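Bear in mind these aren't lab numbers, they're just calculated from the coordinates by the rules spelled out. Not measured: the values here are computed from a predicted model. Heads up, the Cβs are rebuilt from the backbone with ideal geometry, glycines too, and the neighbour counts pull from every protein chain shown.
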Amino acid sequence: MKLIMHSSMLIIAVLQLVGIHPSTASAETSAVLAPHEISYLVLSQSTAFYAKQALALRQSIFEQQAKLAKLTDQPVRPTERGAISSDNVYLSHEIFADHEGSWAITPILKHIRASILKASHAGTRWLIICEENSHVNVSLLAHHLGKEDYRQELFLGYPLYDREATIIHHFAFFKNPSSFLYPYLRAGVAITVPLVDHLIQVLSSAGSTLTEFIIDAAHEFALLAWNQGSGTRLTSVSYLCARYDETCAIYAGPTGVVRTTTETGTRPKPVASGAPHILFAVKTCSKFHEQRVPVLLHTWAQYVHHLRLYSDIGDVTIPTIATSIPNTSIGHCAKTLEILHLINEEISRNSSLTDVRWIMLVDDDTILSPSALTRHLSCFDADKDVYLGERYGYHLLTKRGEGTEESDYGYNYITGGGGIVISVSILDALLQSCECPSASSPDDMIIAACMYRVGVRPVHSPLFHQARPSDYPPEILAPDSISFHKHWQIDPYHVYNRWFRLNDEFWVRQDNDPAVSDKPLLHPDHISNENDSTRQPFERLPNGIANVAAPSSHDKHTNQQQPPGEKHPEATPTMANHYQTEHIGKPFCESNELQSNSNLLLNRHHEVSSHGLRQPNIIKHTEL
């Protein structure tokens, strides 16, 4: 009896240390879990910037567990030699290095069961899935999970929901988007072992028929658990949080490089303005010269040092650089590869581009912040981290062949609308190995396939966005976001002003130099057209691309209202009406954007396989 009272008093003392008053704690204080009863999977990446955060989180959990075990005399899992082992925190980039779908959770559930929740860990009650910038309070987590019934199929987390049906979730629950809850992974997800076992059974019967594309791991995992209404829904709990609170067992830390101004009260000192080490390559076409190009020239393009606009025709009034590839409604693989060839060619002979280390490949309707991109890239090595952006997955649930166990048919790629960052250091090798199955194949997916050929895997950043701000829950949008995509049913000026303008202005005027402050920011010489229509047609098409017919004429939009000439036009009613007329009236217009899965989802004009699955027109893994 004395021993029980002593242990209870120690537990109460620990709860007081972490901010839980004894009066608010559960009466069953003895139900606090031991460290070995919780296993952690941190969704991490091998690149140094992210790996460092993941290693720090693991070390923090280990130290907290050791302190908790010492204070409460609770058992920890011993090794064969009897020493204490802290082997319940796993980093996905270490333990699942060979699995392309490790970030997506669903494709590796069986491997999670076999390696993390293995038989030798019979005492494990819970699996915690979080990200490298999650913050974990082990004492609070053990306290709260100790009051839950680990024998049930439980799925706990911070709830997110869609404000409107969105392409990034395949327009799921379009009649009532907010009815479906899915977890915020950075705030932590708690899953019982019985639920993991059940989901493995669901996967064994459903398999690759669940989805071709994996875009949002949290949403797609929640769909799997929900299992068309017959499974387990996410349960919201107050101790898994979207932001810091002293009562939170896990909370989501910031995603970016620099802490936000609300924490310090002052703006951090940015890195060098003008982004002289980044070449911004915009893919456009004559159809959008009057509609989209003025938007980017009056917003983010004012603040960049090296800007190139590649189109199907050369227009000296913009100016644009003409390519020899006719415009297509989808895909754009041939055009994008020619753009990369042209960039590589210019870098080799243009001395003003000597310092360029990165290429930011974007669409003409990508809305971005050069200052946020520059800060973010300062954390990466252009000789090692050579392919960055927002990561999507294709066929990550598809097995290689009959009887195989591995889901290794698919691959990951950086989706194009949010911007693809490619290091100049990899450009030669990429172009020598890259070819298009057809001129209209999806370029972002083909670039990824070519990167795989040269041994490069994508580096994911949550600061790039394939869709509009309204397509994401507000909790996950960081103040230092880098990009958004689409002008559809939004005012792009408003998006830029809301998310990027102030930071970009401060960035370019960081020294408060009057000469800089009074100087117009849009300089004619920061856009180059030295390779436009005066240049001979591109003589060597990228490998594997057949010569194509000359571009057909494009109808020009007339009577388009031009944006105001001010440096930062506000979203006036007239301008908003213009964009409502041009975009809101059209469900989805034929675009010139980098082809991504979002367009494939909208344009399902593909052949149907013998299994009844529609096959998109992309390069297959077996062709790598």
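Hydrodynamic analysis of the stretch 142-234 uses the Kirkwood radius over alpha carbon pairs. Inserted into Stokes-Einstein at 10 °C and 1.306 mPa s, it gives a translational diffusion coefficient of 113 µm²/s.
Between the amide H of Ser44 and those of Ser92, His93, distances stay under 5 Å, these residues lying 5 or more places away or on another chain, with hydrogens modeled in the peptide plane. Between Tyr161 and Lys118, the C-beta separation translates, for a Förster distance of 45 Å, into a calculated FRET efficiency of about 0.85. Treating r as the C-beta distance of Thr247 and Asn350 and R0 as 41 Å, the FRET efficiency rounds to 0.10. Do any of Lys70/Lys147; Lys110/Lys147; Lys283/Lys335; Lys52/Lys384 go past 18 Å between their Cα atoms, and which? Where the Cα-Cα span goes over 18 Å, the pairs concerned are Lys70/Lys147; Lys110/Lys147.
Pairwise inverse Cα distances across the stretch 111-194, averaged and inverted, put the Kirkwood hydrodynamic radius at 14.8 Å. Of the trypsin sites (Lys or Arg not before Pro) found in the stretch 134-172, those that fall in a DSSP loop while having at most 11 other beta-carbon atoms within 10 Å are Arg151.
Phi angles of the stretch 303-312 translate, via the Karplus equation with coefficients 6.51, -1.76, 1.60 and θ = phi - 60°, into HN-Hα couplings of 9, 10, 8, 10, 10, 10, 10, 9, 9, 7 Hz per residue; Gly and Pro are given as x.
Each peptide in 278-288, 469-479, 240-250, 432-442 was scored by the mean count of other Cβ atoms within 10 Å over its residues; highest first, the order is 278-288, 432-442, 240-250, 469-479. Remark on Leu309: its backbone amide H falls under 5 Å from those of Val282, Ile321, Ser528, a criterion applied only to residues 5 or more positions apart or on other chains, H modelled at 1.01 Å from N. Across q = 0.27 Å⁻¹, the stretch 284-326 modelled as identical point scatterers on its alpha-carbon atoms has Debye log10 I(q)/I(0) values of -1.00, in the order of the q list.
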